[in-house]
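First the structure, in the form of structure tokens, and then the observations on it.
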Amino acid sequence: MHLLFVLILNPAFSFLAASDTGFIWSNEERLGQYQRAWNTLNKSVQEVYYNVKATELAYEAIYPSSNHRELTQIKCWSVQCTNLDKQAQIASLKYYYTFTAISRRGQVQFLTAEGKTTRELGYETRNAVEYTYRDGRVGALPRNKQPFADEPWALHP
């Protein structure tokens, strides 16, 4: 159960194997039992997941004013699943998080997305959540590449 929590909630973090053999979770036979995406989404609205430990913080670009770009890290975040549809295996996701940037320090931010289960890393089982943000960006976790390497968020006030 805790492993599912980590996989679903790690949009900012990846678990790469120490060697160059690839993504640590791309072994369905050995680790597939821990990656049932719907088991993670299918929770009561009162059940909130928290990121309590990460290998590194994600860097993002924010715009405190229209012509000022500032790099920051995301920390202290949680996610809540609502509007569950078991048949379609979809849910609404609401993320709460804070930034380390001086201009936003202490402010709680939130982001909503629609999530649906999907197959990643060559799995037969639906082991990942594909999420779509209001602006149309789409992503899936887990995945084979370092998150956000080629898709930085641009968060405006």
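Each reported figure results from applying straightforward, stated rules to the coordinates on display, with no laboratory input. Bear in mind that the values here come from a model prediction, so they are computed numbers and not experimental data. Cβ coordinates were reconstructed from backbone atoms using ideal geometry, including for glycine residues, and neighbour counts include every protein chain displayed.
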Label-point separation, R119 to H68 (7 Å along Cα→Cβ), nm: 5.0
Cleavage-rule hits, trypsin sites (Lys or Arg not before Pro), the stretch 24-100, DSSP coil, Cβ neighbours within 10 Å at most 10: K53, K86
What does the stretch 21-124 give for Rg and for Dmax, in Å, if only its C-alpha atoms count? 16.8, 50
